[in-house]
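Here's the structure we're looking at; comments come further down.
The values are calculated or read from the model by the stated rules, or taken from the named source; none is laboratory data. A quick note: this is a predicted structure, and the numbers were derived from the prediction, not measured. Glycine also receives a Cβ, built like all others from the backbone with ideal geometry; neighbour counts cover every protein chain displayed. Side chains are part of the model used for accessible areas, which takes the heavy atoms of the whole protein and leaves out ligands, DNA and RNA. Shrake-Rupley method; radii C 1.70, N 1.55, O 1.52, S 1.80 Å.
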Amino acid sequence: MAFRFLITLLIFNTGTCILQAQDSISLKTNQVKKKAVALNKSSKDSLIDGKTKTVKVIEAESDSLNIKNLQDHEFAAGLDEKWYEELYSNALFDTIYKSVTELSFDAVDYPELPTEVLKQRLKELDARTPFNVEYNPSLENVIKSYLKNRREQLQKLITLSAFYFPMFERELDLYDIPLEIKYLAIVESALKPRAKSRVGATGLWQFMFSTGKMYGLDVSSYVDERSDPIKSTEAAAKYLAKLYEIFGDWDLALAAYNSGPGNVTKAIRRSGGYKNYWNIRHNLPRETAGYLPAFLANMYIFEYAEEHGFKKYKPETAYFETDTVRVKQMITLDQVSEVTGTPIEELQFLNPSYKLDIIPFIKDENYTLRLPIGVIGQFVNNEEKIYAFAKAEFDEREKPLPQLIEADQRLTYRVKSGDYLGKISRMYGVRVSDIKRWNGLRSNDISIGQRLTIFPRRPHVSAPISATATTKTKPLSGEVITYIVQSGDSLWSIAQKFPGVSVQNIKDWNGISGNNLKPGMKLKIAKG
């Protein structure tokens, strides 16, 4: 979206073409009735052949590392599903991008905001910001158009901003950058840390590859720090400070941030030497011509959000309610999710710079894991066990196919509207990292109609099992004890207390279909 190069270099690089491999395998899901893969080979799977399943006594066994369908209370699961779809949908970013590139300055009928009221508010805003927030009919039309036609998207952005703006303000303040620059991230990326423009600009601040490298953002097969909220904000602050040093005007600095310094200086020349953005706007690229009006319109709406009936909700996770821990060994977000009970989508949201959901361990690199503050202590207190668990699973993954999965159980899933990897992984009881590995995906991005190869850990169903579905309790053998769940417990941490007992054992013995536990819950455990 934005071309960013230092004026002193005047070098314009073209974007690199990105080739994506797409799996074309298409198998008929009803080709053969498969034998159920279970601990009792003679058992029949009721989901396939309709026969009642015969279950024998299950002995305690070593952890199979399998994850089954993650389900919750129906109402709460529905709310989570909507939230996760919002976090991983690019629709909001596409809407913002289109609104800037196709910005219209036509008159808009919006009597709820009288012109005189707008003039007074813009005058107040101009007095407390270094930007030139002066009234003009074009800006009025943009503001009214947004208020009239984009209320739903604006409310979503206001809600997301409650998480991102505190961290933006901290970094901007460190470099003496106007705090109002935080609104630039709305125009750039719609507050989507993994947003990628059509020319390859990436992250909250839409850095191109070369410019990101120039400002210290690491981009490798595992990591893209252009998507790291704090590191990319620091880089954006440095870059904007340099542009302001060159142009001496924040409006022109923003225009240069969007289209490159060279386009701004050409617009100044073509306008006959004018230096005010509004006087050179008609000589700027179309996208940049709508860039500053979109920025100022968003600034006004956010500053006067309550006056226009917008609600300021508390985010699902506040920035100050998270903390980081430096990793000491390669680990995946899937593994962290299993041992802490934190949903994979929440971990992806908090750690967007890890392209494959894998946090590598590299000498002299400082890669960190951001977690909700409530599970930091649990993670640190069990680091040795967690890393041993991760290593054992990495060793297990050296096998060509997943454990207990046969090649003829492969199926092809066609991505639908509203799908994202976390949703699909729960549908088939597999991990996000498994789907990415099976399909050679380098990021979490998937597109409607894309075909994904899946090796399900439970039989294929046409739609996700209802959140109210329950798992039949399986019988225990030997000495049975009752464990009362404590605050901070997860299925993994409980399994660690009993040698030979796996997470899946606890689920089977207690009829648990998800990973959620509540303090005070009583669990039956068979001592090995």
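Results, tabulated for the structure shown:
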quantity: Single residue of the range 475-528 satisfying the filter (surrounded by fewer than 16 Cβ atoms within 10 Å (Cβ to Cβ) and under 19 Å from Phe379 (Cα atoms)) that is modelled with the lowest pLDDT; calculated: Gly488
quantity: Selected residue (criterion: nearest to Tyr420 (Cα to Cα)) from residues of the range 351-366 that are surrounded by 20 or more Cβ atoms within 10 Å (Cβ to Cβ) and modelled with pLDDT of 90 or more; calculated: Pro352
quantity: Looking only at the range 180-229, and only at residues there that are farther than 21 Å from Lys156 by Cα and among the aliphatic types (A, V, I, L, M), the one that is farthest from the chain's Cα centre (by Cα); calculated: Met214
quantity: Which numbered condition Gly341 misses (of (1) open to solvent by 20 Å² or more (accessible area, probe 1.4 Å); (2) under 30 Å from Leu118 (Cβ atoms); (3) not aliphatic (A, V, I, L, M)); calculated: (2)
quantity: Single unsatisfied condition, Pro130 versus (1) within 23 Å of Trp278 (Cβ to Cβ); (2) in a helix (DSSP H, G or I); (3) in contact with a Pro (Cβ under 9 Å, 6 or more places away or on another chain); calculated: (2)
quantity: Filter pass, Thr324 being more than 30 Å from Val117 (Cα to Cα), in a loop (DSSP other than H, G, I, E, B) and of a type in the set (Val, Ile, Thr); calculated: no
quantity: Among the residues listed as Ser189, Ser197, the single one being touching a Leu at 6+ places or on another chain (Cβ under 7 Å) and farther than 14 Å from Tyr239 by Cβ; calculated: Ser189
quantity: Which listed residue is modelled with pLDDT of 90 or more, closer than 30 Å to Arg437 by Cα and either open to solvent by 10 Å² or more (accessible area, probe 1.4 Å) or within 26 Å of the chain's Cα centre (by Cα) (or both), from Ile331, Ile301; calculated: Ile331
quantity: Residues located in the range 110-132, provided they are over 26 Å from Lys192 (Cα atoms) and in contact (Cβ under 8 Å) with a residue 12 or more places away in the chain; calculated: Tyr110, Glu112, Leu113, Thr115, Leu118, Lys119, Arg121, Leu122, Lys123, Leu125, Pro130, Asn132
quantity: Residues satisfying the stated conditions in the range 189-232, i.e. polar (S, T, N, Q) and touching an Asp or Glu at 6+ places or on another chain (Cβ under 6 Å); calculated: Gln206
quantity: Criterion violated by Tyr313 - all others in (1) at pLDDT 90 or above; (2) open to solvent by 30 Å² or more (accessible area, probe 1.4 Å); (3) among the aromatic types (Phe, Trp, Tyr) satisfied; calculated: (1)
quantity: Qualifying residue in the range 424-442 (condition: over 19 Å from the mean Cα position of the chain (by Cα), modelled with pLDDT of 80 or more and of a type in the set (Lys, Arg)); calculated: no
quantity: Test: residue in the range 401-416 that is open to solvent by less than 30 Å² (accessible area, probe 1.4 Å), at pLDDT 80 or above and closer than 23 Å to Pro343 by Cα; calculated: yes
quantity: Those residues of the range 209-227 which are open to solvent by 10 Å² or more (accessible area, probe 1.4 Å) and out of contact with any helix residue (DSSP H, G or I) (no Cβ under 9 Å at 6 or more places or on another chain), in sequence order; calculated: Ser210, Lys213, Ser220, Ser221, Tyr222
quantity: The range 352-372, residues that are more than 11 Å from Ser220 (Cβ to Cβ) and either touching a Pro at 6+ places or on another chain (Cβ under 6 Å) or assigned to a loop (DSSP other than H, G, I, E, B) (or both); calculated: Pro352, Asp357, Phe361, Lys363, Asp364, Asn366
quantity: Extreme residue, surrounded by the fewest Cβ atoms within 10 Å (Cβ to Cβ), among residues of the range 426-436 that are out of contact with any Ser or Thr (no Cβ under 9 Å at 6 or more places or on another chain) and not aliphatic (A, V, I, L, M); calculated: Gly429
quantity: Residue list for the range 181-197, restricted to those being charged (D, E, K, R) and either buried (at least 22 other Cβ atoms within 10 Å of the Cβ) or without any contact (Cβ under 8 Å) to a residue 60 or more places away in the chain (or both); calculated: Lys182, Glu188, Lys192, Arg194
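Residues are listed down the side, and each one gets a yes or a no for (1) closer than 21 Å to Phe207 by Cβ; (2) open to solvent by less than 50 Å² (accessible area, probe 1.4 Å):
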| residue | (1), (2) |
| --- | --- |
| Lys242 | yes, no |
| Ala256 | yes, yes |
| Asn263 | yes, yes |
| Gly272 | no, no |
| Leu284 | yes, yes |
| Ala289 | no, yes |
| Leu292 | yes, yes |
| Ala305 | no, yes |
| Ala318 | no, yes |
